[in-house]
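*Asks:* Take a look at this one; I'll ask things after.
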Amino acid sequence: MGKEDCCSTQLIDANGEFNFKGLENFVSSVKLHRCGLSYAVVAIMGPQSSGKSTLLNHLFYTNFREMDAFRGRNQTTKGIWIANAVGIEPLTIVMDLEGTDGRERGEDNTTFEKQSALFALAVADVVLINMWCHDIGREQAANKPLLKTVFQVMMRLFSPRKTTLLFVIRDKTKTPLEYLEPILREDIQKIWDAVRKPQAHKDTQLSEFFNVEVTALPSYEEKEEQFKDQVAQLRQLFFHSISPGGLAGDRRGVVPASGFSYSVQQIWKVIKENKDLDLPAHKVMVATVRCEEIANEKFSSLMINEDWLALEHEVQEDAVRNFGRRLSSILDNFLSEYDVESVFFEENVRSSKRQQFISKGLQLVHPAFVSQLGHLRVKSLQTFKTQLEQLLRRGEAFAASVRTCSESCITEFDNGCSDAAIRHANWDASKVRDKLRRDIEAHVSSVCNDKLSELKATYEKQITAALAEPVESLFEVGGSETWASIRKLLKRETDVAISCFSPALSGFELDQDAFDRMMQNLKDYARSVVEKIAREEAGKVLMRMKDRFNTVFSHDSDSIPRLWTGKEDIKSITLEARSESLKLLSIVAAIRLDEKSDRIESILFSRLLEGKISLSSRNSDIADSCDPLASSSWEEVSPENTLLTPVQCLSLWRQFMAETEYTVSQAISAQEAYMQSNNWLPPAWAIVAMIILGFNEFMLLLRNPLYLFIFFVVYLFGKALWIQMDIPGEFRNGILAGLISISSRFLPTVMDLLRRLAAEAQGNPASGTSRSSQHVASQSFRSQVNSPNPVSSSVPSSSVSSNISTENDIEYTSPQLTHKRVTQVEQE
């Protein structure tokens, strides 16, 4: 959509005649009668040739006639023109008013200007007041007298209706809008307060009639692109302008669209009949223009003043000493020059322009003042940091050090602010002081957090060192009181750490909540250390269980390695070893730091150790449904305290059983091998066969006792030879090695036995000694063979040698042989 979609017409001509036919055609063309209450009216007023039509054409895409700058500055818009805004919802009607202060109408014929301005305020929802940036503060150029008259007449003629006054400052200079807007608003408020109000509106506020808005635009001729961009942004304010909060949001007393034509006709008729409006005197206008020119000249001189430029450059680098005194002196010089040149003009205007010059001058030097305060703030903050660090290094309390340094820092800053203050402005440095306080608080917070973190880390390290190894040792031992010991250890070490941590925190003067939170965090950390170790132990519980099983299974109660000789009860030892291993599993199955009872150990022992888990059960599905180990949680233990779920315990136990089964089988095999190696009796069937088949031989021996005696002597000799050569010991190293060893020692052993028998035979005359020795030998023999025989009493003592040589050729002598040798020596 473009300007070709715009419909425009002249509503009121230069002579004040209302164009009734043109208005009807316009309403019909834009279909205004369909809008109901959804439409808005925007008007613009301002000095002649100030670019009002140009602004409207760029703002609403209208086609009002614009001034041709190449043909000179003259009146372009005559009367009041009306058009519709293109591309804006809702329908917006735009009125372009004839400019004020026009040369064509002259100085005295300003009635139409007053009437058109009053008409715009009465009809429009939004009135754009176009004004030059350099006209702000002028009595005439800023249309202040005209607004004063319009306010008074409007209250007298019309009922209250809230209209938005949008002041558009054209050809904006470097002066920021935030400094221009307060001046303009103050002038408008003064106008409102100065007008004489009817009794009905005596106490009515300006805000009940008008919403005052201010915006600024750059020069269209010098910065066309920037001008268009900002106008485009301003255009966005007119979309949905009648919505609550919009420019035309106050819809009180809005005339329906179908009655718009008749309404504006009646308003213009009332305005035409009123003729008691007047404008300020020409003298005031001249004073306004001339005083403003002088003030602008002095301001331009101030901007290029060498003293000011030098001071500005110095303050950019660092804080300047005597800043306020030097700057006040520069401003006083220019104010004195202004007073001399404007002494003959009207007092009120001169004072007003002087104040404007001071405001502009202060606006110019204010950034330098801000820079000075910024340097003072940075310098004070650095001083604070240095002093605080020194005090903390000396071991001073943190909170007391912060208070001392803060007071010193703020005092230094306040002294600097007093030096930077100037006489012409009462600038408040509280914001910068607050910023300094915030910077100090931020630095204090940072340092405090660092110190607290260091302190916390120190005690956490202490707690870790105090708990880690003892807790691991307790888990390795795995006794029934493991968790009770851990709880006791945790409480003791935590209390020790808290007792040291609390005095260390007192120097920070934390509030009670923060103090309690730090204490609780340390306690929680100690608990977390134990929980971490418990989780690590749960991860390696299978290895611990196997180690415990091997220790208990392979060693007796005195920690001596077991020898599987056949006397050990492997079943009970295995049960004991598995029981100890299962205790380890029950200990690390859950965290028990809260002294809450549970049935984990009993469940594990009843379901695992007592053999109630049957993997091959026919009813395994039914058993799993009621099996406590077929669950993912323990009944009495919360999920966060669960280290091993019942299912995991069952899986670990099965793996443990599979990996320790080999150890048990090896022990059983070793025991059987030992028993076989020490059992020299033939099988029972062989003994029965020998009795049956050897019955005749046995009877032969009974009939011939001499044979029995010979066999007995051979048995005794063989028994002595068996013991002397340690036959079982030789075969421990293997059959082949045993045979070789026996073959090499057989003949020397036989010869040694025969020699000893001969020696005993020579000492036989001593009868008393012989009988005693015979008795002793008989008793010794009985103890060796462990089978008493009545025939042995008739065997002479000289037939058996009691000297037995071991594998290491160490000779052991019986009491009988010792007695014989002693007797023989005495006889010799």
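*Asks:* Using a cut-off of 14 Å between beta-carbons, work out the net charge of the residues near Phe238 (Lys and Arg +1, Asp and Glu -1, Phe238 not included). Don't skip to the end; give the middle numbers.
*Replies:* Details: positive: Arg235; negative: Glu89, Asp125, Glu213.
Residues close to Phe238 contribute a combined charge of -2.
*Asks:* Dipole magnitude of segment 307-417 about its Cα centre, charges +1 at Lys/Arg Cβ and -1 at Asp/Glu Cβ only, in debye to the nearest 20? Walk me through the numbers on the way to the answer.
*Replies:* Working: 13 positive and 16 negative charges, 104 e Å.
Computed about the Cα centre, the dipole is about 500 debye.
*Asks:* Let me ask something else about it. Using the Cα centre of segment 407-469 as origin and beta-carbon charges of +1 (Lys, Arg) and -1 (Asp, Glu), tell me which of Cys448, Tyr459, Thr411 is placed farthest towards the positive end of the dipole.
*Replies:* Projecting each Cα onto the dipole axis, the largest value belongs to Thr411.
*Asks:* Go through Ser29, Ser328 and list them by solvent-accessible area, largest first, probe radius 1.4 Å. It would help to have the intermediate numbers written out before the result.
*Replies:* Numbers: Ser29 70, Ser328 0 Å².
Ranked list, largest accessible area first: Ser29, Ser328.
*Asks:* Then there is this: Heavy atoms only, 1.4 Å probe, whole protein assembly: order Met95, Met699 by accessible area, highest first.
*Replies:* On the way: Met95 0, Met699 60 Å².
Largest accessible area first, the list is Met699, Met95.
*Asks:* Count charges around Gln363 for me, please; just the other residues with Cβ under 12 Å from its Cβ, Lys/Arg as +1, Asp/Glu as -1. All intermediate terms of the calculation are to be shown ahead of the outcome.
*Replies:* Working: positive: Lys174, Lys360; negative: Glu178.
Here the charged neighbours net out to +1.
*Asks:* Then there is this: Let me cross-check Ile242: its accessible surface, 1.4 Å probe, with only protein heavy atoms counted, in Å² to the nearest 10?
*Replies:* Ignoring ligands and nucleic acids, Ile242 comes out at about 40 Å².
*Asks:* Continuing with this model, one more query. Report, in debye and to the nearest 20, how large the dipole of segment 395-488 comes out about its Cα centre when Lys and Arg carry +1 and Asp and Glu carry -1 on their Cβ.
*Replies:* Approximately 340 debye in magnitude.
*Asks:* Report the accessible area of His375, computed with a 1.4 Å probe over the heavy atoms of all protein chains in place, in Å² rounded to the nearest 10.
*Replies:* Approximately 50 Å² for this residue.
*Asks:* Once both labels are modelled 7 Å past Cα along the beta-carbon direction, what's the Asp513-Leu700 spacing in nm?
*Replies:* Between Asp513 and Leu700, the simple spin-label model gives 11.4 nm.
*Asks:* Take the Cα gyration tensor of segment 2-65, multiply each eigenvalue by 5, square-root it, and list the three semi-axes largest first, rounded to whole angstrom. Please report the intermediate quantities before stating the final value.
*Replies:* Working: eigenvalues 89, 56, 27 Å².
Rounded to whole Å, the semi-axes are 21, 17, 12.
*Asks:* Can you give the charge dipole size of segment 457-560 about its Cα centre, rounded to the nearest 20 debye, using +1 on the beta carbon of Lys and Arg and -1 on the beta carbon of Asp and Glu?
*Replies:* Working: 14 positive and 18 negative charges, 50 e Å.
The dipole of segment 457-560 has a size of about 240 debye.
*Asks:* Length gain on complete extension for the stretch Ser351 to Ser453, per 0.36 nm per residue less the alpha carbon to alpha carbon distance?
*Replies:* Details: separation 102, 0.36 × 102 = 36.72 nm, distance 6.27 nm.
Residue separation times 0.36 nm, minus the Cα-Cα distance, leaves 30.4 nm.
*Asks:* Going out from 0 in 5 Å bins, what whole percent of all Cα-Cα distances in segment 462-592 drops into each bin?
*Replies:* 2, 9, 17, 16, 12, 11, 9, 7, 5, 4, 3, 2, 1, 1, 0
*Asks:* Give the accessible area for Arg252 in Å² (nearest 10); use a 1.4 Å probe, count only protein heavy atoms, and leave out ligands, DNA and RNA.
*Replies:* Spelled out: Arg252, probe radius 1.4 Å, area about 130 Å².
*Asks:* Using alpha carbons only, how many angstrom separate the centre of segment 216-271 from the centre of segment 547-592?
*Replies:* Here the two parts' Cα centres lie 97 Å apart.
*Asks:* Which residue, Phe515, Ala526, Met545, has the largest displacement toward the positive end of the dipole of segment 508-570 when charges sit on each Cβ (Lys, Arg +1; Asp, Glu -1)?
*Replies:* Ranked along the dipole, the leading option is Met545.
*Asks:* Related question: Compute the Rg to Rh ratio over segment 507-567 from the alpha carbon atoms, using the Kirkwood formula for Rh, and round to two decimal places.
*Replies:* 1.46
*Asks:* Here is a further query. Of Asp318, Asp594, Asp332, Asp96, which has the most accessible area and how do the rest follow, probe 1.4 Å?
*Replies:* Numbers: Asp318 95, Asp594 70, Asp332 45, Asp96 0 Å².
Solvent-accessible surface, decreasing: Asp318, Asp594, Asp332, Asp96.
*Asks:* Further, regarding this structure: From the Cα trace of segment 300-358, what convex hull volume per residue do you get, rounded to a whole Å³? Intermediate values should be presented prior to the final figure.
*Replies:* On the way: hull volume 4.9 nm³, N = 59.
Cα-based convex hull of segment 300-358, divided per residue, equals 83 Å³.
*Asks:* What's the center-to-center distance, using Cα atoms, between segment 357-399 and segment 168-208 in Å?
*Replies:* The distance from the Cα centre of segment 357-399 to that of segment 168-208 comes to 38 Å.
*Asks:* While we're here: Any of Lys21/Lys228; Lys148/Lys353; Lys488/Lys596; Lys162/Lys360; Lys461/Lys523; Lys456/Lys596 with alpha carbons more than 24 Å apart? Name them for me. Don't jump to the answer; show the numbers that get you there.
*Replies:* Numbers: Lys21/Lys228 35 Å; Lys148/Lys353 20 Å; Lys488/Lys596 15 Å; Lys162/Lys360 33 Å; Lys461/Lys523 13 Å; Lys456/Lys596 30 Å.
Flagged as over cut-off: Lys21/Lys228; Lys162/Lys360; Lys456/Lys596.
The values are calculated or read from the model by the stated rules, or taken from the named source; none is laboratory data. Please read these numbers as outputs of a predicted model, since none were measured by experiment. Here Cβ is always computed from backbone atoms with ideal geometry, including for glycine, and neighbour counts include all displayed protein chains. Ligands, DNA and RNA are stripped out before the accessible areas are found, and what is left, the full protein with its side chains, is counted by its heavy atoms. Shrake-Rupley method; radii C 1.70, N 1.55, O 1.52, S 1.80 Å.
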